[in-house]
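The structure appears right after this line, and notes come after that.
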Amino acid sequence: MQKNERMKIVAKTLYGLEEVLTQELKDLGIKEPKAGNRVVEFDGSKEDLYRCNLWLRTAISLLVPIKTFKFKNEHDLKKEFAKINFSKYMPMNRTFAVKGAVNSKEFSYSKYPLLLMKDAIADFFNDKFGQRPSVDTKSPNVVFDLHISHDTCTISLNSSGAPLFQRGYRKGTGAAPLNEVVAAGLIYLSGWDQKSNFIDPFCGSGTLPIEAALMANGIPANIARKYYAFQYWPDYDQEMWRQIYDAAPRTPKRDLGFQIIGSDTDGDVVLKARNNVKALPLSKTVSFEVKDYKDFVAPEEGGTCIINPPYGERLDDYEIWDLYKEIGDYFKKSLPGYTCWVLSSNFDAFKRIELKPSKKIQVYNGSLSCDFRRYDIFKGSLVEHKYGKKS
């Protein structure tokens, strides 16, 4: 592909983050991105593809479709695979993998078409060069994405390789860590203005505060990531990538003018959060404290609070209900002037917060369908907030 040649690019994301990703693409100068179900499609250049891999915070991967066709049966599928010149997309000396999703009554075993394509790639190189490239399902150099819906097959190159939530900065985690793409999506959905305080009193290994600090400092999401699959493609432009990477901001602001703070009662997991920050150019623009949330003192100026508390998998109903009741009490007592957001899949526990949410957004945390609920904590009474204090 030439420098300015246009191509179709498909950015994969999570349910509920399609519009967020669309806005991200517009902010990067992409014209007319079109949101679909867990994807956003757009036309772009090789330079756009490289920049999007570096910058996008809510994309899981960026795919470049190379072939779409209809098929009737397994024979048709094999015949179409055999028409592809795979040396155009990967060198002989690179490892590869075929991944994807199959939804078709034609195949009782959904992984079977992926195996067919793997064999087709190996056969192509064996016929042409007399040897087969190695398959690596864990860390392949080149990743082919196979998507079959009924009688339509689309083959794409995955330019990202490992999912883009693998930012490269997370060295350690606690139990059930929040996916970085989910964290960034929640921050965008919260409407945080990146000009006021941001707190997370249930921070775990620090994903939410770290993602917030990257945003506030204008530093790309994947500044610490070392490799992308496009770097193994035959048409990889190393000079172009180097220019894009070197031009990216990586110097944190000396003083944001507000605070980004994470807190957790587990000292070991807070240490992991602090170690994660060391892999990033964030200086002192994010901090972590070892404190129970009830003892955490938030900055007085107000701001945004996002928490991802336990959902109850390791607690009985009464314990989790008590926790959410205490969270509601903490919001009311300690966070006047804050917009508080809670992510949880436990809808019964939500009721124990005993505050009326002003907004509910459905999102997914892994395979769990969750609500992301907003609670506006006013200074003074609700009447005073609406009508002002009596003179």
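Could you name the aspartates and glutamates in cross-link range of LYS332, using Cα to Cα under 19 Å and dropping any fewer than eight places away on the same chain? By straight Cα distance, LYS332 reaches ASP200, ASP292, ASP295, GLU300, GLU301, ASP322, GLU354, ASP376, GLU384.
In the calculated pair distance distribution of the range 145-254, what percentage of Cα-Cα distances lie above 18 Å?
61
From helices alone, the chain scores -9000 deg cm²/dmol at 222 nm; the rule is -39500 (n - 2.57) for each run of n ≥ 4 DSSP H residues, then divide by the residue total.
Above 17 Å lies some portion of the pair distances; for the range 179-322, what is it as a whole percent of all C-alpha pairs?
Working: 6718 of 10296 pairs.
Beyond 17 Å sits 65 percent of the P(r) for the range 179-322.
Between VAL143, VAL40, VAL135, the residue with the greatest mean-square fluctuation in the GNM of the chain (Cα pairs under 10 Å linked by springs) is VAL135. Amide H to amide H, with H built 1.01 Å from N, LEU157 comes under 5 Å of VAL64, ILE66, ASP145, counting only residues 5 or more places away or on other chains. Summed over the residues of the range 182-340 and divided among them, the accessible surface reaches 45 Å² per residue at a probe radius of 1.4 Å. Of all the options CYS370, CYS305, CYS203, the one that moves most in a Gaussian network model of the chain with Cα springs shorter than 10 angstrom is CYS370. Express the relative contact order of the range 170-253 as a whole percentage, based on alpha carbon pairs under 8 Å and six or more residues apart in sequence. Contact order relative to length: 27 percent. For the range 55-175, the Cβ-based charge dipole about the Cα centre amounts to some 440 debye (Lys, Arg positive; Asp, Glu negative; other atoms uncharged).
Derived value for the range 9-60: Kirkwood hydrodynamic radius 10.5 Å. Basis is the mean of 1/r over every pair of different alpha-carbon atoms. Rounded to two decimals, the Cα-based Rg/Rh of the range 215-283, with Kirkwood Rh, is 1.09. Averaging Cα coordinates gives a centre for the range 2-66 and one for the range 164-228; these two points are 20 Å apart. Per residue, the average separation of C-alpha pairs within less than 8 Å and at least 6 apart gives the chain a relative contact order of 14 percent.
Taking SER345, SER104, SER283 as the candidate residues, the one with maximal mean-square fluctuation in a Gaussian network model of the chain, Cα springs under 10 Å, is SER104.
Using the Cβ-Cβ distance between VAL135 and LYS379 with R0 set to 41 Å, the FRET efficiency works out to roughly 0.10. Considering all C-alpha pairs of the range 12-140, those separated by over 27 Å amount to 35%.
The amide H of ALA162, built 1.01 Å from its N in the peptide plane, has ALA229 as neighbours under 5 Å, considering only residues 5 or more places off or on other chains. Here's how it looks for ILE306: its modeled amide H is under 5 Å from those of ILE199, TRP341, which are all 5 or more places away or on a different chain. Karplus-derived 3J(HN,Hα) values for the range 240-252, using 6.51 cos²θ - 1.76 cosθ + 1.60 with θ = phi - 60°, are 4, 5, 4, 5, 5, 5, 5, 7, 6, x, 9, 9, x Hz; glycine and proline are entered as x. Normalised Debye scattering of the chain at q = 0.09 Å⁻¹ gives log10 I(q)/I(0) of -0.61, counting only Cα atoms as equal scatterers and leaving out solvent. Using a cut-off of 18 Å between Cα atoms, the listed pairs LYS46/LYS70; LYS31/LYS226; LYS294/LYS333; LYS8/LYS34; LYS12/LYS195 include LYS46/LYS70; LYS31/LYS226; LYS12/LYS195 as exceeding that distance.
From the convex hull of the Cα coordinates of the range 316-367, what is the mean projected area in square nanometres?
Values: hull surface 16.6 nm².
Spelled out: convex hull of the Cα atoms, projected over all directions, averaged, 4.1 nm².
When only the Cβ of Lys, Arg, Asp and Glu is charged (+1, +1, -1, -1), the dipole of the chain relative to its Cα centre reaches about 660 debye.
One quarter of the convex hull surface, Cα atoms only: what value does that give for the range 264-304 in nm²?
Numbers: hull surface 14.0 nm².
Reported value for the Cα convex hull: 3.5 nm².
Ordering PRO91, THR58, GLY44 by Cα displacement along the dipole of the range 27-95 toward the positive end leaves PRO91 in first place; charges were set at the Cβ atoms of Lys, Arg (+1) and Asp, Glu (-1).
For the range 129-142, backbone phi angles converted through the Karplus equation (6.51, -1.76, 1.60; θ = phi - 60°) give residue-by-residue couplings of 10, x, 8, 10, x, 7, 8, 9, 6, 8, 9, x, 6, 10 Hz, Gly and Pro being listed as x.
The values are calculated or read from the model by the stated rules, or taken from the named source; none is laboratory data. No experiment lies behind these values; they were computed from the predicted model shown. All Cβ positions, even for glycine, are placed from backbone atoms using ideal geometry, and neighbour counts span all protein chains on display. Side chains included, ligands, DNA and RNA excluded: accessible areas come from the protein's heavy atoms. Shrake-Rupley method; radii C 1.70, N 1.55, O 1.52, S 1.80 Å.
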